[in-house]
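The values are calculated or read from the model by the stated rules, or taken from the named source; none is laboratory data. Here the structure is a predicted model, which is why all the values come from computation and not from measurement. As a convention, Cβ positions derive from the backbone with ideal geometry for all residues, glycine included, and neighbour counts pool all protein chains shown. The protein model used for the area step is the full one, side chains on, heavy atoms only, and it has no ligands, DNA or RNA in it. Shrake-Rupley method; radii C 1.70, N 1.55, O 1.52, S 1.80 Å.
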Amino acid sequence: MLKDHIQAVFAPLWKSGRVSPARIIIFGFLLFILVGTALLMLPFSTREWGGASFFDALFTATSATCVTGLVVHDTATYWSAFGQLVVLLLIQVGGMGVVTMAVAISIFSGKRIGLKQRWVMQESISAPQVGGIVRQTRFIVKTAFMLESLGAVLLAIRFCPRLGLLQGLWYAVFHAVSAFCNAGFDLMGREEPYSSLTGYVGDPMVNVTIMLLIVVGGIGFLTWQDVSTHRLHFREYRLQSKLILVTTAALLLFGFGFFLLYEFALPQWAGMTLGERLLASLFQSVTPRTAGFNTVDMAQLSEPGKLLTILLMLTGGSPGSTAGGFKTTTFAVLALSAMAVFRRQHSAQCFGRRVQEGVLQSACAIFWLYMLLFLAGGILICCIDQVPVMDTLFEAASAIGTVGLSLGGTARFSPASRMILIFLMYFGRVGGLTMIYAFTAGRASASQFPQEPVTVG
């Protein structure tokens, strides 16, 4: 049934020669969100018969499809088994990409993949070329399901003895998919609503499994292929893969050092053991990379801790991955450009390669667009609901970075503020350049104005 729905949604878009790949991606996510909204409004989708209201269903469907994790109702206690299954399917399709899943279904059904579908798929996963896109899609889908299955098996070792066989397996599958897709939805509310993984702060099995799924899901499909093809021969990787791996490692190490040496040395965390602090420091460094799980109460973080988490959430994961944010490559290109200016070099360069000027322009555009929307969203919510600005900026960063971490404000926000978060989640998932290209599809002007120097700095 899911296969028929996805094919029915995309059939008219594939056949239209006038719809750009960017618009297909945008409309695909939008239509899938609306389908999810309708399913969550069914009477049997909630534990109390009657279904969710339109706005609650829309918010949850958007959060799941955009793999964010912000919720207005606790997933375990509010949604029925059917509702939780709908959420899980939305996470899976949204995390892999609506276009990726549509093309994958066509491939495994034995249907011919046309040039238009290959073109759209290239845009969806940020592939450098159309050639080999079908082979890449097979690799992506098979690898994703293999990793999710492995994660589910490891989590089942911990959950089944505690919850029983059937419920333990369901929890293992749900959290493995949610972690790999960087969604952050959890079912731990049966013990305490909105508790996420705080009950497992000192559990190495759960922490390490969830963290590995988050990192692998967030580094990008093309990076997997590079690693799979070239193994440990780092020099043979593409420049993009090198930037992703180095930047990801640097951000994780920096976050880990900050949380361990400063944040979890503060008095409010005095009850934690050294082992719990080590795991919590690493987990809180990993999870802002758009995953949304937490093993400590985020509301107890210090102001510097909240600010660093906001910055990590905005940076997010990598291109062509299950993660959001303005991406690690954008951060890396901007950093390299600044270093080039400091060194009086004409262009950003690293690993024996120069970064194209057009890439720097795109990075600047994406960065400023994300920052403007993040600040505008946070300030508007602050004005509407009269909530402290740090709290609203935290929720806005979590939404546009498709993270899902929360200080507890989302469930209390007004409908207007929730609509702002819905827009930010949607924008953060489809991507800044995709939104820009979808609405500026005209040809660029070939003429150029004369240059004139401008002093900056």
Which FRET efficiency, nearest 0.05, do Met435 and Val341 yield, Cβ-Cβ r, R0 30 Å? 0.55
Computed over the chain, the relative contact order (Cα-Cα under 8 Å, seq sep at least six) in percent reads 17
Could you put Lys242, Lys142 in order of accessible surface area, largest first, with the 1.4 Å probe and the full protein assembly present? Lys142, Lys242
If DNA, RNA and ligands are ignored and the probe is 1.4 Å, what is the ranking of Arg158, Arg190 by accessible area, most exposed first? Arg190, Arg158
Among rounded, prolate and oblate, which fits the stretch 352-403 when a ≥ b ≥ c are the square roots of the eigenvalues of its C-alpha gyration tensor, a/c under 1.5 means rounded, and a/b larger than b/c means prolate? prolate
If you roll a 1.4 Å probe over the heavy atoms of the protein chains, what accessible area per residue do you get for the stretch 295-379, in Å²? 47
Put a dot 7 Å past each Cα toward the Cβ at Phe351 and Met390; how far apart are the dots in nm? 3.8
Using modelled amide H (1.01 Å from N, peptide plane; none on Pro or chain starts), what sits under 5 Å from the amide H of Gln349, excluding residues fewer than 5 places away? Val355
Heavy-atom accessible surface of the stretch 200-285: percent carbon and sulfur, 1.4 Å: 71
Quickly work out the Leu232-to-Ala265 label distance, labels modelled 7 Å from Cα along the C-beta direction, and quote it in nm with one decimal. 3.4
With a 1.4 Å probe and every protein chain left in place, tell me how much accessible area Met205 has, in Å² to the nearest 10. 60
Round to the nearest 10 and report in Å² the accessible area of Asp297, as given by a 1.4 Å probe over the protein chains' heavy atoms. 70
Quick one: order Cys383, Cys364, Cys181 from most to least accessible surface, probe 1.4 Å. Cys383, Cys364, Cys181
